[in-house]
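S.K.: Quick one: this structure, given as structure tokens, is what I'll be asking you about.
The values are calculated or read from the model by the stated rules, or taken from the named source; none is laboratory data. Here the structure is a predicted model, which is why all the values come from computation and not from measurement. Cβ coordinates were reconstructed from backbone atoms using ideal geometry, including for glycine residues, and neighbour counts include every protein chain displayed. Ligands, DNA and RNA are stripped out before the accessible areas are found, and what is left, the full protein with its side chains, is counted by its heavy atoms. Shrake-Rupley method; radii C 1.70, N 1.55, O 1.52, S 1.80 Å.
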Amino acid sequence: MVQAVGCRPALRGFDSHPRLQCIRRSNLLVINVVGGTMKEKAVEETFVALFALTDLRQIFRDTKPTFKFNTEEKEQIKQIIERVRQSLNAIESELIE
Amino acid sequence: MRPMIEDIEVRAREELFINIHPIQAAGRLTPEAMKAIISYGDGYSTCDRCRKPFRLDKISRPPINDFHVELAEFIGMDHARVVPGARRGFQAVVSSLVEKGDSVIVSALAHYSEFLAVEAAGGVVKEVPLNPDSIIAGEGTAQKIEEVKHETGRFPKLIMMDHFDYLFGNEHDIHGIAKVAKDYAIPFLANCAYSLGVMPINGKELGADFLVGSGHKSFASPAPSGIVATTDEWADKVFRTTKMVGDVTGRRFGIKEVEMMGCTLMGSNLIAMMASFPRVRERVKKWSEEVEKINYFVDEFLKIEGNKVISEMPRKHTLTKVDTTGSFDKIARTHKRRGFFFSDELKKRRIVGGFAGATRQWKLNTYGLSWDQIRYLTCAFHDIASKYGINVA
């Protein structure tokens, strides 16, 4: 893949995302948007889910090695799972359905 | 744990085990830093919006420029730079001040990278011996300066001393040493690799001309990362910009700082440091509780017959050297697994980070453990002792 020199990325906020590929052909820059339409929502929700799972990772760190969760931690875990589920639903709806 | 990719396994010891590794404790990432790595892991990720004058510490989005200002303020210095580890901080200062044959005063517990920094500059280290309490004090430093003057006819060019050392985690007389440095008009570098980021540090109050810290040791940041900071007086020397001109092209790179090799800590390491910074700022205020926890732990640890603490007592730092020659090592002498029996027993109880196989003198660090985890750790040591018939008071 050639660096997208001179290409203005269509996906704002994630400028270097690989979905935008610039392919140099006969000295012409041809923009090839993989998948047709930018899926900004799906990308954003991917990060949201990863960040939520990172918060879960922190709960593991805070409670190891017994993992005896208090009420507050149980509530946090529920919220994280729900947040990830919402993100996965949004991703599925953007990419698959 | 399944492999992440081919033969690289997922590292989940911080999620699954209590990790008492002596140098890993305060470098554990905050969740914000972990998120920063997810988002900024690509190579030159910090350079998306690098504009004139094209230098890392001038980038405003993400706010790297503001971070440098706030960092300097946080540690009580005028100017700060991020570097790939404390060692690069030593190197920048030493390389700026020391010439071939110059002497540099260091501690008898100096980190090896301080030696290397001096050697790279062509200097010679002169070590201040420990006093009977395993502390470097102002008097010993003054005495060493006089010895160097007597021996070489010249005063040392730099004094480089550790606030807390890597071996015992003892606190050294940094204020006294700074005063001696001032009396002799010798610049003073305070190596705060084990203190900056875990406890309140103010470089000017310490009397330091240069302050060096470690991101991966004490600032909840990935390796390599570190901090070098100085005062207005020394900034132009250590952070001097290049004067070099290409003889064919006439090119100049005027904004680039020679000792920093231009831009320093690019990419996710810097963004992770920045992401951890708000929590680091808060956590230093809770240092006394960390000290309370290590002292609780060592008090309980010493209830095991034969156990000793080699570091100064009461503990002033969570990094601590202990001696179990009179307890667990006695078991190791006849156990079929030798010293590994001890690490096996700890691992069974979900504790890692001790030096595998070591049952004589070894180090641990309790930084960042909760009270529940500290009590769990204490019980685990008592439990192992009881299992092997060692008395627990």
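S.K.: Can you tell me which of (1) of a type outside the set (S, T, N, Q); (2) in the same structural domain as B:THR152 (by TED's automatic domain parsing); (3) in contact (Cβ under 8 Å) with a residue 12 or more places away in the chain is the one B:LEU16 doesn't meet?
M.R.: B:LEU16 satisfies every listed condition except (2).
S.K.: Next question, about the same structure. If a residue must be open to solvent by 20 Å² or more (accessible area, probe 1.4 Å) and touching a strand residue (DSSP E or B) at 6+ places or on another chain (Cβ under 6 Å), how many such residues does the range B:25-59 contain?
M.R.: Total meeting the criteria: 0.
S.K.: Let me ask something else. For the range B:25-68, which residues satisfy the criterion of being more than 11 Å from chain A (Cβ to nearest Cβ), part of a loop (DSSP other than H, G, I, E, B) and of a type outside the set (Val, Ile, Thr)?
M.R.: B:GLY41, B:CYS50, B:ARG51, B:LYS52, B:PRO53, B:PHE54, B:ARG55, B:SER60, B:ARG61, B:PRO62, B:PRO63
S.K.: Let me ask another. Among the candidates A:PHE60, A:PHE67, A:PHE47, which residue alone is among the aromatic types (Phe, Trp, Tyr), at the interface with another protein chain (Cβ under 10 Å from one of its Cβ atoms) and more than 17 Å from B:LYS35 (Cα to Cα)?
M.R.: Just one listed residue meets the conditions, A:PHE67.
S.K.: Of all the helices (runs of 4 or more DSSP H) wholly in the range B:276-393, which have at least 2 residues that are under 22 Å from A:PHE67 (Cβ atoms)?
M.R.: B:287-301, B:340-348, B:371-387
S.K.: Would you say B:LYS303 is charged (D, E, K, R) and surrounded by fewer than 16 Cβ atoms within 10 Å (Cβ to Cβ)?
M.R.: Yes.
S.K.: List, please: which pairs have Cβ atoms under 7 Å, are six or more places apart or on different chains, and start with a residue in the range A:43-72 that is in contact (Cβ under 8 Å) with a residue 40 or more places away in the chain and more than 30 Å from B:ARG349 (Cα to Cα) and end with one that is assigned to a helix (DSSP H, G or I) and open to solvent by less than 60 Å² (accessible area, probe 1.4 Å)?
M.R.: Once the first residue is in contact (Cβ under 8 Å) with a residue 40 or more places away in the chain and more than 30 Å from B:ARG349 (Cα to Cα) and sits in the range A:43-72, its partners that are assigned to a helix (DSSP H, G or I) and open to solvent by less than 60 Å² (accessible area, probe 1.4 Å) give A:GLU45/A:SER87; A:GLU45/A:ALA90; A:GLU45/A:ILE91; A:THR46/A:ILE91; A:ALA49/A:VAL84; A:ALA49/A:SER87.
S.K.: Would you point out which residue out of A:LYS64, A:LYS39 is basic (Lys, Arg), buried (at least 18 other Cβ atoms within 10 Å of the Cβ) and within 24 Å of B:VAL10 (Cα to Cα)?
M.R.: A:LYS64
S.K.: Out of all the residues in the range B:170-177, is one or more among the polar types (S, T, N, Q), closer than 18 Å to B:HIS111 by Cβ and either outside the structural domain of B:ILE159 (by TED's automatic domain parsing) or open to solvent by less than 10 Å² (accessible area, probe 1.4 Å) (or both)?
M.R.: Yes, the range B:170-177 contains at least one residue that is among the polar types (S, T, N, Q), closer than 18 Å to B:HIS111 by Cβ and either outside the structural domain of B:ILE159 (by TED's automatic domain parsing) or open to solvent by less than 10 Å² (accessible area, probe 1.4 Å) (or both).
S.K.: Checking A:GLU97 against (1) surrounded by fewer than 18 Cβ atoms within 10 Å (Cβ to Cβ); (2) in a helix (DSSP H, G or I); (3) away from chain B (no Cβ under 12 Å), which single condition isn't satisfied?
M.R.: Failed condition: (2).
S.K.: Does B:PRO22 satisfy being away from chain A (no Cβ under 11 Å), open to solvent by 10 Å² or more (accessible area, probe 1.4 Å) and more than 25 Å from the chain's Cα centre (by Cα)?
M.R.: no
S.K.: Would you please list the contacts, defined by Cβ atoms under 7 Å and residues six or more apart or on different chains, that run from a residue in the range B:365-393 that is more than 18 Å from B:GLU14 (Cα to Cα) and not assigned by TED's automatic domain parsing to the domain that holds B:VAL322 to a residue that is open to solvent by 40 Å² or more (accessible area, probe 1.4 Å) and in a helix (DSSP H, G or I)?
M.R.: Listed by first residue and then by second, the contacts come to B:VAL392/B:SER386.
S.K.: Please verify whether the range B:138-146 includes one or more residues that are crowded, with 19+ Cβ neighbours inside 10 Å and either within 27 Å of B:TRP362 (Cβ to Cβ) or at pLDDT below 95 (or both).
M.R.: Checking the range B:138-146: not a single residue is crowded, with 19+ Cβ neighbours inside 10 Å and either within 27 Å of B:TRP362 (Cβ to Cβ) or at pLDDT below 95 (or both).
S.K.: Look through B:TYR388, B:TYR367 and report the one residue that is open to solvent by 50 Å² or more (accessible area, probe 1.4 Å), modelled with pLDDT of 95 or more and touching a Lys or Arg at 6+ places or on another chain (Cβ under 9 Å).
M.R.: None of the other options fit; the residue is B:TYR388.
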